[in-house]
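Scroll down for the structure; my scribbles are underneath it.
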Ligand SMILES: [Mg+2]
């Protein structure tokens, strides 16, 4: 009587082991059949425990993702990055920091009884307006191969959708009474489609500063000069937000927020 449960338990343990071994063998065979290029680390899969097998499968996934990214061009990689969690976090963090700067400035202005009108300056492309539908067509190219005339044609469609976090931060600033100024590297000849694009998505603002047609100066010089003009009108620029360092350098703002963009670089 006393021995029966013990031997039954032993039989169950044996059956368990057989099932586990069969699973490991099947999984090992499956892994080896996946690809002839599986790294050597996966070769002894047949001898792995279930937890080791899980870890190995995870590594295999990482390896496959890594290989896929390695085969992409720089623009392809940048586009993939723009859909990553890291990009989203970096973008949302910058906008959250911008909001904090707005809140601090409002508290400070109230305390000092400073009557200046506070303002936010924002870039447009890849800061507020999402041009990825155009760049998706360049995913197999290098940055130097981007057709910027075709990019201008895309801008003329007025179809660039707003990037959520910046849109929300600007709406928040406006709800708190701050003025919104856009300073963009887009040429003056794109003023009408740019305004149409902003109207299409209900984006409210107080001024749009654009690069003069044919102007070749660095974006950083041009943008800093426009911020100075805004200050000279009596505004205090609380936040300046952009996806390029050239949007932000040159002063004339209490706080700067840099957004991620690996697709292209502007001096
Ligand atoms: Mg930009």
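The numbers here are math on the coordinates, done by the rules we state, and not lab data. A quick note: this is a predicted structure, and the numbers were derived from the prediction, not measured. Using ideal geometry, Cβ is built from the backbone for each residue, glycine included, and neighbour counts are taken over all protein chains shown.
Numerical summary
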item: Theoretical FRET efficiency, 1/(1+(r/R0)^6), r = Cβ-Cβ of residue 113 and residue 228, R0 25 Å, to 0.05; result: 0.50
item: Alpha carbon Rg of the range 74-258, scaled by the compact-globule rule 2.2 N^0.38 Å; result: 1.03
item: Rounded, prolate or oblate (a/c below 1.5 giving rounded, otherwise prolate when a/b exceeds b/c) for the range 154-267 by Cα gyration tensor; result: rounded
item: Mean Cα-pair separation over length for the range 84-236, i.e. relative contact order, pairs under 8 Å, 6 or more apart, %; result: 29
item: Burial ordering of 215, 125, 243, fewest other beta-carbon atoms within 10 Å first; result: 215, 125, 243
item: Residues 195, 180 arranged by fewest to most Cβ contacts within 10 Å; result: 195, 180
item: Gap separating the Cα centres of the range 181-235 and the range 100-114, nearest whole Å; result: 26
